[in-house]
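The values are calculated or read from the model by the stated rules, or taken from the named source; none is laboratory data. This one's a predicted model, so the numbers in the text were calculated from it and none came from an experiment. When we count neighbours, we look across all protein chains shown, and the Cβ atoms used for this are built from the backbone with ideal geometry, even at glycine. Ligands, DNA and RNA are excluded from the accessible area calculation, which covers all protein heavy atoms including side chains. Shrake-Rupley method; radii C 1.70, N 1.55, O 1.52, S 1.80 Å.
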Amino acid sequence: MMNWIRILIAAFNALRRNVLRSALTTLGIVIGVGSVIAMMEVGNGSTAAVQQTISSLGANMLMVFPGAAASGGISFGSGSTMTLTPGDAEAIFKECPSVRAVAPVVRMRTTQVVYGNRNWVPSETSGTTETIFDVRQWAVVSGAYFTARDVRNAACVCLVGQTVSQQLFGREPAVGKQIRMQNVNLRVIGVLEKKGSNMMGRDQDDTVVLPWTTAKFRISGNSSGGSGGSNTAAAASAGNHKTYPGSSTGLYPAVAATRAQNSALSVRFVNVDQIMASAASAEEIPQAMEEITNLLHERHRIRAGELDDFNIRDMTEVGNTMASVTETITRLLMAVAAISLVVGGVGIMNIMLVSVTERTKEIGLRMAVGAKAGDILRQFLAEAVVLCLFGGLMGIALGRGCSLAVQEFLGWPVQNSVTAIVVSVAVSAGVGILFGFYPAWKASRLDPIEALRYE
Amino acid sequence: MNLIELRNITKTFDLGEVKLQVLKGITLAVAHGEFIALTGASGSGKSTLMNTIGCLDRPTTGDYLLEGVEVSRQSSNARALIRNQKMGFVFQNFNLLARTSALAQVMMPLAYGERHIQRKEAQKRAEALLARVGLADRMDHTPSQLSGGQQQRVALARALVNNPPFLLADEPTGNLDSKTTVEVLEMFRQLNEKDGLTILLVTHDPKVAAACKRVVKMTDGLIESDAMNGGNAP
Ligand SMILES: Nc1ncnc2c1ncn2[C@@H]1O[C@H](COP(=O)(O)OP(=O)(O)OP(=O)(O)O)[C@@H](O)[C@H]1O
Ligand SMILES: [Mg+2]
């Protein structure tokens, strides 16, 4: 060990005698290792970013949308076909063993929320059941979730995301505040933990979540489905609400009345915009999809050969596609990097061969004063390895620099990788040994007399 | 026991079609403490004999005993160690490493010894030797900053750094002028007399040969004459 350190130091000193040549020789390695590092860091960064957005959506997520999937899967059933009901959601939960949790979601059209003199339009306001928090694996940072009872009673409660909390309440605690949404007072009972932006770049924390019953029956005609003709009645009744904004005392009986009047109808005809389901595990996703499909065929009376009136999207699939794209790109770039490492290695070999020829006399002399073939071999091998290691270190610096620049100027996510650094140090030492071996071996096989006589 | 004993050494170079016999049966004994000049016409095989004695080349036939041990048929690694420990070499063209300080040159053979020598001790030994050859103030100089005589003295210090019993010098004064020749020769004489170093040197210079205690003359691959200076055969 000590011996090797000494040999490496001697090699370093030998290389120092010709700094420029050493630097140019190792350039290929610098570029090779630099690109490996940069690739790995950028690749890891985007993979991690993709994974993070996928998991922020909820684990093993399946989304059921109303309407048939358009060809190419670009547009999904528009709001015009309202075929999913809360009953479907319940049935999925009860009858599909591979589904762990289910939540129906009613999306409300952009709705302004007001607190005191502040107002804000969350990018998403959804009515759902208490199970959504389980499906999306979304914790509260303060307060509590609403309950099944709140859903049953269409309680005027809501949870807000971090962005909404920030916009309406600033630094004040959000829990317990009353906010108004289309003249309905809602009590904030919880604040959801931060999720960040989703795969499409939308801020998931810019959201208000409330019981779907509240959304449907108390806050009027704001489901995106409301645009459909079937909801005109609801829209009309919504109009009624708006005529009695007045005091909250006046609101309650009115709402209760509306609900009583609507309930028989609503339970049958209420539509939801989406059903979110969580499969029990990643492996059970295909099975869960099949179970849901079969169940909905039955419930919607769709016969074989008929077009589905719903479609199921598997979010992990989307994530996997994105991940595999990044992986392919990373692999391609790694191949480029590997080629440049080989080219760098050949450059090292070339210069080492020149160096051996140049130093034939030195080799002869060293042999004459007692160097064994192994000593000569080690000396030249050490020089090649030191060259490559130096190249590797400079490459690491270069690669880090590049990936930091990418992060700074292009805003791509970057994740520094210890593995990449360890691997590239090992690889550059390996390149040194591999391509330095032949010249070193040649040097060690010289005949001392001929080497001494060499001019 | 003789330091060196050569018994009927021959050396034949195989040049494809022709075989060139350069040494044709050399028998020679060298005792400890001798100071021998090897002379002879150019091409008579002096350098070839020196290479054989220096364990750089193997004889085609014959035995070579160094301190009573047959060495010509030992492994390359064993012979490398013999070169390192038992003998020092001085060459006509000095053979110093370019862009390397005198001190580093002298320390170089210490790296190839059997046991590792601490850097400090190695440096001390090299400094002492350089001081001994009169280069105490030139330790950091590289060969290009030294005169021919100084370079040869660095080479001499390098040859002696492992305290070998035996010094081989192929035309050590061949590239030196007459003044430095005298200097270097005086150094050899002192090493031989004071330290008991056995010296075998090749020379074309009759004055150098005259300074040695014994003169061996070669002709055409054979020893023609072998005499002590003063006329007595050994
Ligand atoms: N490696 C070799 N291959 C073929 N022939 C060789 C080889 N080495 C030496 N010879 C030949 O051996 C002969 C003796 O050479 P050597 O160098 O021993 O002579 P020398 O006595 O040292 O001469 P000089 O005084 O000129 O140095 C020469 O004819 C030379 O051509
Ligand atoms: Mg010669």
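Rolling a 1.4 Å probe over the protein heavy atoms of the protein assembly as shown, with every protein chain left in place, gives an accessible area that is 57 percent carbon and sulfur.
Peptide A:358-368 has a mean shielding of 5, counted as Cβ atoms of other protein chains within 10 Å of each residue's Cβ. So which of A:LYS361/B:LYS11; B:LYS24/B:LYS217; A:LYS372/B:LYS213; B:LYS19/B:LYS46 end up more than 26 Å apart by C-alpha? Beyond 26 Å: A:LYS372/B:LYS213.
Of the whole protein surface, A:CYS156 contributes about 20 Å² of accessible area at a 1.4 Å probe radius. Its Kirkwood hydrodynamic radius, worked out from the mean inverse distance over all distinct Cα pairs, puts region B:113-187 at 13.3 Å. Against the empirical 2.2 N^0.38 Å (N residues), region A:322-438 has a Cα radius of gyration ratio of 1.39. Multiplying each eigenvalue of the alpha-carbon gyration tensor of region A:91-131 by 5 and taking the square root yields semi-axes of 33, 9, 7 Å, largest first, rounded to whole angstroms. Across all directions, the shadow cast by the convex hull of chain B built on its C-alpha atoms averages 13.3 square nanometres. Peptides A:159-169, A:139-149, A:370-380 ordered by packing proxy, namely the average of other Cβ atoms within 10 Å per residue, highest first: A:159-169, A:370-380, A:139-149.
For the residues of A:369-379, the average number of beta carbons from a partner chain within 10 Å of their own beta carbon is 6.
Once backbone amide H atoms are built at 1.01 Å from N, B:VAL90 has B:LEU168, B:ALA169, B:ASP170 as its partners under 5 Å, excluding neighbours fewer than 5 places away on the same chain.
Applied to region A:353-360, the Karplus parametrisation 6.51 cos²θ - 1.76 cosθ + 1.60 on θ = phi - 60° returns per-residue 3J(HN,Hα) values of 5, 4, 5, 5, 5, 4, 9, 3 Hz, with x for Gly and Pro.
Computed from the C-beta positions of B:SER225 and B:THR61, the FRET efficiency with R₀ = 30 Å rounds to 0.80. Here the Kirkwood formula, the inverse mean of 1/r across different C-alpha pairs, assigns the protein assembly as shown a hydrodynamic radius of 33.3 Å. Buried surface between chains B and A: roughly 1800 Å² of accessible area, summed over both sides, computed with a 1.4 Å probe on protein heavy atoms only. Other protein chain C-beta atoms within 10 Å of residue C-beta, averaged over B:6-18: 0. Packing, as the average of other Cβ atoms within 10 Å across residues, places the peptides B:23-31, B:150-158, A:114-122 in the order B:150-158, B:23-31, A:114-122, highest first. Tell me, which residues of region B:109-138 get at least 40 Å² less accessible area when the other protein chains come in, versus the chain alone (1.4 Å probe)? Residues shielded by partner chains are B:TYR112, B:HIS116. Residues whose amide H lies under 5 Å from that of B:GLY40, counting only those 5 or more places away or on a different chain, are B:MET218; hydrogens are built 1.01 Å from N in the peptide plane.
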